[in-house]
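Taking it in order: structure first as structure tokens, then the write-up.
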């Protein structure tokens, strides 16, 4: 039930990654962590303490880090590269394309501080194009978990997955509301609430805001089918089609540009199988700026109120 979804606490999704990679290291001796001078920001302290011989400090040389990681896979290692999402994608796109995706290397590209909620570091460090960039690479899996628990579970799951992965998570403390003991299934959407009036698909930090928006809509008598699309690629088309055919209208919510992200992936499925009115809650083709995470989400239209307004607009187009 929607009303039963409540935060257990507030934790950084990047801290979920830190706990996850330390646990992955304990489970699998082939897991190796690499960083580009951001070990503390990526919460690698426990991994470094437990496995100093499996930690590689590459310095501020992100392209070199990707190349090293690709090479390590040849010897059977499972390298996790770690830096900010901007430096994991825009700065090293050629290396990721040529050395990882093109040759299908088993590299896990783990990207923190994604989206607007990087906050005060501003537009040069905020990346809002990365989901689109990475999902277009053939063979690249793209995962955007919603909270601490799910990020930890995803970090563990990708160690067992063969092939390149882009794992995107964030900087700020955020409501942690998914089960601690969850099993993370790559490519399988998470249905948080079932409804009949409108489908809301969200990823990352926006999932919690979608939960809050769905509660507001429920008070207005609007029944929401609420789905967490933590796997952007592979996409759970079956779950998406089932939801849209039931409700007949769509809202997508993401901390990403309106072009190229989750919304476009959902629209692609809908246009081929079940066309329906679709409203986007996303950044409107602009760069970010400095500010607190909540100030930026408010300014760029990524709030629960924006999701409610988008839902009402989509419903009016039915």
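Please treat every number below as a calculation from the coordinates, not as lab data. In this text the structure is predicted, and so the values were computed from the model without any measurement. Glycine also receives a Cβ, built like all others from the backbone with ideal geometry; neighbour counts cover every protein chain displayed.
Angle check, please: helix 237-247 long axis (alpha carbons) against the longest principal axis of the chain (alpha carbons), in degrees 0 to 90, nearest 10.
Result, in degrees: 20.
List the pair-distance distribution P(r) of the chain, using every Cα-Cα distance, as the percent of pairs falling in each 10 Å bin from 0 up to the bin containing the longest distance, rounded to whole percents.
The calculated distribution, bin by bin, is 6, 29, 36, 21, 7, 1.
If contacts are Cα pairs under 8 angstrom and at least 6 residues apart, what is the relative contact order of segment 93-197 in percent?
Computed over segment 93-197, the figure is 33 percent.
Sort 31, 191 so the one with the fewest other Cβ atoms within 10 Å of its own Cβ comes first.
191, 31
Once fully extended, how much extra length lies between residue 241 and residue 161, figured as 0.36 nm per residue of separation less the alpha-carbon to alpha-carbon distance?
That pair, residue 241 and residue 161, stretches by 26.2 nm at full extension.
How far apart, in nm, are two points set 7 Å out from the Cα along the Cα-to-Cβ line at residue 90 and at residue 57?
Going from the residue 90 label point to the residue 57 one covers 2.7 nm.
Return one number: the angle in degrees, 0 to 90 and rounded to the nearest 10, between the long axis of the Cα atoms of helix 62-74 and the longest principal axis of the Cα atoms of the chain.
In the chain, helix 62-74 runs at an angle near 80 degrees to the longest axis.
Given 0.36 nm per residue, what is the gain on full extension from residue 28 to residue 120 after removing their alpha carbon distance, in nm?
29.4 nm
Expressed in nm to one decimal, what extension gain is obtained for the pair residue 41 and residue 2 from 0.36 nm per residue of sequence separation less their Cα-Cα distance?
10.7 nm
Please compute one quarter of the surface area of the Cα convex hull for segment 1-135 and express it in square nanometres.
Answer in nm², one decimal: 9.9.
Using the number of other C-beta atoms within 10 angstrom as an exposure proxy, rank 152, 11, 245 with the fewest first.
Arranged by neighbour count, lowest to highest, 152, 11, 245 become 245, 11, 152.
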